[in-house]
Amino acid sequence: MFELDCHLTRDGEVVVCHDEDLFRTTGQRVVVSETLYKDLPLLSPHLNLDFNPGHTTVGGTDRRIPLLKEVYDQFPDMPVNIDIKVDSEELIQKVSKLTKNYNRESITVWGNRSTAVTNKCYIENPNIHLLFSLKRVLILLVLFYTGLLPFVPLRESFYEILMPSVVLKPNRFKLRLSRTKRALVRVIDFLLMSRQMFRHLNGRGIQTYLWVLNENDEFERAFALDVTGVMTDFPTRLSQYLSDHPNLQFSIMSCAK
């Protein structure tokens with residue numbers, strides 16, 4: 001599965017890119033929504049990974065920012081996870097139309113951390129799988145720890161959250177956390193990383209994913225929690241891990257940021 005993000009250009013093209021401001025990925029101060037698609041700058045030949053500081057990826061010869069329909073054309077059978085990056089009804093409508101026209105509703109999931117955006121996605125096309133928004137994740141936790149979760153219907157079908165413990169690894173984030181904040185991260189990690197909750201969600205047909213995991217010890221912990229799969233910047237590294245552990249049931253999600 002590909003995890004990607006979508007924005008809308010000034011001329012209404014749905015493009016695959018993480019940032020609305022393209023400075024980080026192109027070196028130019030260009031805003032996607034204010035720019036015609038043909039005028040978007042090329043991606044930088046070398047890009048740093050946010051979740052692995054110091055690691056640089058090298059691009060190929062085609063450095064254009066791709067259109068969503070090009071991804072659909074190139075990978076017709078690949079499941080795709082779409083983060084609708086901005087609160088735009090036009091963007092939601094166009095992503096829905098493209099997904100429906102390519103007959104991909106059953107292998108596509110969409111949403112946003114914002115409940116407002118995710119609700120609009122669901123209203124626009126309930127046939128596309130839905131992500132849990134941040135607010136809905138918090139509600140889910142309350143329901144789980146109060147014992148009410150088994151009795152509450154859920155419309156979402158994909159539960160994707162950060163594994164908080166990766167924030168504490170010095171090689172993964174350039175964060176200098178105080179002792180209090182580190183303790184808080186550990187508490188959040190304890191609450192979120194519940195094997196029982198993952199098993200309950202999986203049993204209800206809700207797929208569960210942890211992000212962004214790039215090291216073998218992180219893969220090992222994730223699969224020990226019985227999640228459906230992991231999101232990674234290094235699909236080849238994850239593939240090797242899974243080859244070394246053939247008994248695992250898994251799903252690979254590759255991040256396109």
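Can you tell me which residue in region 5-21 is nearest to E90 (Cα to Cα), limited to those that are in contact with a Lys or Arg (Cβ under 8 Å, 6 or more places away or on another chain) and either aliphatic (A, V, I, L, M) or not in a loop (DSSP other than H, G, I, E, B) (or both)? Here the answer is L8.
If you go through region 173-203 and keep only what is basic (K, R), surrounded by 12 or more Cβ atoms within 10 Å (Cβ to Cβ) and without any contact (Cβ under 8 Å) to a residue 12 or more places away in the chain, you end up with just K181.
Remark: pairs (first residue in region 151-172, over 17 Å from R221 (Cβ atoms) and in contact (Cβ under 8 Å) with a residue 60 or more places away in the chain; second residue open to solvent by 40 Å² or more (accessible area, probe 1.4 Å) and of a type in the set (S, T, N, Q); Cβ separation under 7 Å; 6+ apart in sequence or on different chains) = F158/Q207.
Criterion applied to L175, L213, L238 was being in a loop (DSSP other than H, G, I, E, B) and touching a Ser or Thr at 6+ places or on another chain (Cβ under 6 Å), and the one residue passing it is L213.
Checking the conditions here, which among N119, N127 is open to solvent by 30 Å² or more (accessible area, probe 1.4 Å) and either outside any loop (DSSP other than H, G, I, E, B) or in contact (Cβ under 8 Å) with a residue 40 or more places away in the chain (or both)?
It is N119.
Being part of a loop (DSSP other than H, G, I, E, B), modelled with pLDDT of 95 or more and among the hydrophobic types (A, V, I, L, M, F, W, C) is a property that holds for L154.
Could you count how many residues in region 40-84 are among the hydrophobic types (A, V, I, L, M, F, W, C), within 28 Å of K120 (Cβ to Cβ) and open to solvent by less than 40 Å² (accessible area, probe 1.4 Å)? Number satisfying all stated conditions: 8. Residues in region 1-39 that are of a type in the set (A, V, I, L, M) and either surrounded by fewer than 13 Cβ atoms within 10 Å (Cβ to Cβ) or touching a strand residue (DSSP E or B) at 6+ places or on another chain (Cβ under 7 Å) (or both): M1, L4, L8, V14, V15, V16, V31, V32, L36.
The values are calculated or read from the model by the stated rules, or taken from the named source; none is laboratory data. Since the structure is predicted, the reported quantities are computational estimates derived from the model, not experimental observations. Methodologically, a virtual Cβ is constructed for each residue, glycine included, from the backbone with ideal geometry; neighbour enumeration extends over all protein chains shown. The area values use the complete protein model at the heavy-atom level, side chains included, leaving out ligands, DNA and RNA. Shrake-Rupley method; radii C 1.70, N 1.55, O 1.52, S 1.80 Å.
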